[in-house]
Each structure stands twice: as structure tokens, then as C-alpha cells.
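Report on one structure; see the data block that follows.
The values are calculated or read from the model by the stated rules, or taken from the named source; none is laboratory data. Remember, it's a predicted structure, so these values are computed and weren't measured experimentally. Methodologically, a virtual Cβ is constructed for each residue, glycine included, from the backbone with ideal geometry; neighbour enumeration extends over all protein chains shown.
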Amino acid sequence: MHQVFRRTAIAAVAALAAQAFAQTEITYWLWDSNQQPAYQACANAFQQQNPDIKVNVVQKGWDDYWTGLTTGFVSGTAPDVFTNHLAKYPEFASNGQIVDIAPLIKRDGVKTNIYYPGLYELWGRGGKQYGLPKDWDTIAIVYNKKLLKEAGISEATLRTWTWNPKDGGTFERVIAQLTKDKNGNNGLSKNFDPKNVVQYGFTTNGSGGGYGQTEWSWLAVSNGFKFNDGPWDTKYYYDSPKLAETIQWLADLSLKKGYAVPVTDVTRLGSEALFTSGKVAMLPHGSWMIKWFKDNAKFDVGFALLPAGPNGRKSMFNGLADSIWTGSKKQEQAWKWVKFLGSPACQNIVGSYGVVFPAIKSGVDAALQVYKKNGLDVTAFTTIANTKGATFLFPITDYASEITSIMNAAMDSVFLGKARAADALKEANAKVNAVFKR
């Protein structure tokens, strides 16, 4: 009898202990596979401090990611916390799908002045806050050092190059010199055959749609274009002649001159794969891809400052944040995780992986140490970020999904040679601005 009672008592204590230490599992989504190991390390550190919470880190590819979120919001299966984008969050906020964390920030006394200037404010509207900053990014030109050397181009040339939409400046000259036809003629030769190119000097990541973060925004803004008059504006200027001449110049690199990969091939093969295969000498890309290029290219990769346009050198400045789904049944635990993600503890861990520039300076310093250790000069990204007037914000407005649909069609028509930029963009701009007047 005593033995039975003792076993029962032990079982009861064990059950109580298990209950006391039961874990609440929350799900966290991100789209970048390069960053998954860093954020898994953050999750491990967080769980050591919060043994009652388990974080399930899930990575999905870009398209599947947003489709899954949209479906999840409707079906009730969305993740508790997810990496959010400036082009997406206004729609989520207006639909009541993400939590306003401003009251939680105030309740817990979370410091918000620790981030790079402007990042925190990007995620707020009307006194509400929809995320804590996690990183920032700028754009630079990624180039194949071997192909530059073979073409007789000094890397020093890339530090002072210029661009304009009339003749392309020294930027177009470098692109032409790096382009070769099957007979070995480069784009500067009178014998160059644009119909039989074996090595392209340049590629973009596609037509760029309505934002062209890596594809065309840096060229257009350096030419005097502006998207709108600031965050939450209700009017775009896609009909600007400054944008039209920029897009036409860029499209003609492929359509008329043969210096750039046709957009159909970019769509089919991918710009990154074309570059790492050695078929393309240069492409514009974001700082979030530094490690990817280092790991995947079988040649030495360099990162050059963007060329200076008529209005100087310009790069889009973008920053991601983590948001909480309003449908989460574990919002306190989700908030604890979001606080940790936005803290120096996590951002220093992320910095130590050298995959992105975190939103906090100490995290950036950690990333820079890793890049330096790996022999990478990433000053093309940091210099422009720290130069006054050299960056512009990702345009934040309502109706981003509709704008994207309209502008994708317009930009594709130009890069496929089906329409002139001035005509397509004027028509698209009217459609975009009509969305705000409904």
C-alpha cells in the first residue's frame, strides 16, 4: 500500500513539474535561407532565457512566403511572428492582420532610439507601431574580378564612374567593354555582333515592377526621379520623363545594344545564376546578398559603388522588421520573441554571421568584422548609407499589391520591347493614381 501511494505521489509531482515547465511553441517565418542559421541561433539564445517558450523557425521562398501568409491570415494558420516588408505591411495593417505593438513598447519601456536613424519610424503610422527594426540594406554593383581583369579594366575605374540616360556615361562604356560576342569582339568594337553574345557586361534582376529596388530605382533617382512626396502619399510620379528615359536606356541595353541579358532569359535562368556561371560580368544587388555571392561564386567577387548620375549617387534604403499576427493565440510569448529579435542580444548574433547589416550599430560592427575576416570589401554598401543625401526610402503607401500588379505589366512591356517607356509609364501612372481616388 505504501509503495502504491509513494508511486502515485511521485507521478503526481512529476506531472505537476511537467506542467510547470511545459513549453508554449510559437512559429516564426522568414524568407531568406541565408539568414535562417543566424535567426536559429537567436532562437536558441532566446530559449535559454525563456525555457517555457519554444520558437519554431520556418524558412520559405519569397513567392511561397507571401502566398502562405495571405492564405494563413484567412485560414487561421498564419505564423505567430513573421519577417515583414515595407511594401507589404501597410496592407496588413489596414486589414487588421498585424498587432499594433506601441502599447507593449510603452508598457515594457523598450528603447527605440537604439536603431539606425529613420528605421523605427518606417514601421509606424498615426501613433501605431507594427514592428521593431531588424536590419537595413543598400544597393551596390556586384562584379566578377576575373572578367574585369581580362577586359583590361582597372577596379579603380569603378570608383569614379558616372552615368546619364543619353549615352550611358563611363558606366555604359565599362558594360560594353565587358560584353563579348562569339568572335571575341567587345561592345566597343565596330565589329561587335549583338545577336551572338557569349558574355554579357550587365544584367538586372528583371524589369523591377513598381519599385525597382535593385533593378532601376538607383538609376532613376540619380537622374532626378522621385516616386512620390514621402511616406503615405497618395500620388505617384511614374509618368516622369526622368523615369521614362532611365527605363528606356536600361531596356535598350538589351533590346538594341546587346550589352545586357534579355529579360526573358533573366526570368528563366535567374540573374544570380547567370552571374555565378560567368556569363555576366556585373549586376546590381542588395547588401543582403553579400554572403551568398561569396559562397556561390567560383571566382573573386567585388562590390563597387553605384555610378554617379546627373543628381549624384543614389541608393534605396530599406529596412525589414518583425510583426505579430493579430490571430495568434500566444501574443505575450510572441511579443517576448519580437522584443528579443529587436534587441542588441539578437542583432549582435545576427551580425556575427555576416549575412546582413543589423539595425543596431553594434550588430553592424560585428558584421563588418566578419566581412573583413573573409577578405570582402563591403564599403560600397556602407559608404552610401553614411553619405548625407545619398539614400532614399523605399516608397511606403497603401495599395502596394495593386500598384505592383499595374507596374509589373507596364515595365515588362517595355523590357520585352512591346512598348516605349514614355507611353507605358504614362498609362500605368494614371491607373496607379486612380487606385487612391476610389
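A few points about this structure:
- Lone unmet requirement of (1) assigned to a loop (DSSP other than H, G, I, E, B); (2) over 18 Å from ALA140 (Cα atoms) for GLY206: (2)
- Only one entry of LYS166, LYS257, LYS182 meets the criterion of being buried (at least 16 other Cβ atoms within 10 Å of the Cβ) and of a type in the set (D, E, K, R), and that entry is LYS257.
- Output for segment 192-249, where each listed residue is buried (at least 18 other Cβ atoms within 10 Å of the Cβ) and among the aliphatic types (A, V, I, L, M): VAL197, LEU219, ALA220, VAL221, LEU243, ALA244, ILE247
- Scoring PHE225 on the criteria (1) closer than 28 Å to ALA304 by Cα; (2) touching a residue at least 40 places away in the same chain (Cβ under 8 Å); (3) out of contact with any strand residue (DSSP E or B) (no Cβ under 8 Å at 6 or more places or on another chain); (4) not hydroxyl-bearing (Ser, Thr, Tyr) leaves a single failure, condition (2).
- Of all residues in segment 391-406, at least one satisfies being modelled with pLDDT under 95, touching a strand residue (DSSP E or B) at 6+ places or on another chain (Cβ under 9 Å), of a type outside the set (Lys, Arg) and not in a loop (DSSP other than H, G, I, E, B).
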